[in-house]
Structures are given as C-alpha cells and as structure tokens.
Amino acid sequence: MDLETERLRLEPFQDSHYEGLRVMDSDPGVMRYINQGRVKTPEETRESISRVHDRWEKYGFSWWAIKEKTSAAIVGAACLQYLANVEGAPLEIGWRLIPGHHGKGYATEAAKAIITFAAERIGATYLVAVADPENIPSQRVMQRLGMTYKAIEQHYDVPCVVYELSICRAD
C-alpha cells in the first residue's frame, strides 16, 4: 500500500529497500533513541524487512520506506503498528530519518499521510506515538501533528514519552 505526499513516496518495506534501510540501521545517530542505542547487523536489517512483510500480510499495515520523489532516495522510514508490537494494543505511528534529511519536514509529512491512511483504511480513531524522553525533535513532530502529551510509560522495555491523537471520523 504505497502512499504519496507532495514530496514523498512511502512504500511498504521490500527487499529492494535493503541498502537504504542499512544506512539508517547502521548509523549510531539514528539508532541512539531506538533499539536501545544499538546499531543493527546486516542480518538484522534483512530480518526486519521480512518481519515487516509478514505484518503487512497479517494486518494490512506496518513500516514504509520513505523515498524522496525527486531523487528516489530512501530518506527514512515510518510506521503504523501496534504499540510495542503487542497485538490489540493502541495503534502507534513512528518515524526515523537519515540525518542528512532532518529539518526538512519529512517526518511530519510522512506521518500526516499515515494518519490519513489509519483513519480511512484501518478505521482508526485513536493513535499514539512514543519516543525517548530526550528525543526532543521527535516530540516536536508529535506536537506539529496535533498530538497531545499523555504520560511517560514503559514501552519497548524503556521509559517513553507518549503522545496521543484522537481522530474524528466524518462518516
């Protein structure tokens, strides 16, 4: 389920995204707030692509590679998934970008497309986003999306700041 915005194309993870995803997975700056700060091995990147593919098959949503339309380069990744990957938990949106693409509004643009997808295709009326409490840029994206601070909660085995968004349905 590809999504398009003015500047971006979001594509469900596939094998052809491996090189672009490796750039993020192997970058300590990208990983400092996720995966407990540990970079992923090449095999872990391949496994994540496979796991994400399976989630797409099972749920109809998961992770997208974010591609810049003008260059077709992968600039990040974004998701709609069950919080902490616990089936039945609230739906979570998330994102990460290659450092050279920070500050361009890509995370906000991709997340807005995913919120629309969640509302229109999944029927979601409530979403959350979580981040390391020190990840201020991610919290700013949450605020730009109209999300409100909820609490600090334990997710992914670490304390996370949680923001929430109620989606009004126009039935």
| remark: The residue from P137, P159, P133 that alone is part of a helix (DSSP H, G or I), surrounded by fewer than 20 Cβ atoms within 10 Å (Cβ to Cβ) and of a type outside the set (A, V, I, L, M, F, W, C) is P137
| message | Need a quick list: helices (runs of 4 or more DSSP H) entirely within the stretch 1-86 having at least 2 residues that are at negative phi and exposed (fewer than 14 other Cβ atoms within 10 Å of the Cβ). | response | 28-31, 42-59
| request: Give the number of residues within the stretch 126-161 that are closer than 18 Å to A113 by Cβ and touching a residue at least 60 places away in the same chain (Cβ under 8 Å). | output: 1
| query | Going by the conditions given, is A73 closer than 23 Å to I115 by Cβ and among the small types (G, A, S)? | reply | no
| field | Which listed residue is under 21 Å from I152 (Cβ atoms) and among the hydroxyl-bearing types (S, T, Y), from Y106, Y126 | value | Y126
| request: Please tell me if A119 is touching a strand residue (DSSP E or B) at 6+ places or on another chain (Cβ under 8 Å) and either open to solvent by less than 80 Å² (accessible area, probe 1.4 Å) or assigned to a loop (DSSP other than H, G, I, E, B) (or both). | output: no
| Odd one out for G76 among (1) modelled with pLDDT under 95; (2) within 14 Å of the chain's Cα centre (by Cα) | (1)
| said: Filter the stretch 1-17 down to the residues that are among the polar types (S, T, N, Q) and under 14 Å from A111 (Cβ atoms) and list them by number. | reply: T5
| request: Taking the residues in the stretch 88-107 that are open to solvent by less than 30 Å² (accessible area, probe 1.4 Å) and farther than 21 Å from A72 by Cβ as candidates, determine which candidate is farthest from the chain's Cα centre (by Cα). | output: A89
| note | Restricting attention to the stretch 123-146, the residues that are more than 14 Å from the chain's Cα centre (by Cα) and among the polar types (S, T, N, Q) number exactly 3
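The values are calculated or read from the model by the stated rules, or taken from the named source; none is laboratory data. Since this is a predicted model, take the numbers as computed values, not measurements. Positions of Cβ are generated from backbone atoms using ideal geometry, with glycine treated the same way; all protein chains shown enter the neighbour counts. Surface accessibility is based on the protein's heavy atoms, side chains included, excluding ligands, DNA and RNA. Shrake-Rupley method; radii C 1.70, N 1.55, O 1.52, S 1.80 Å.
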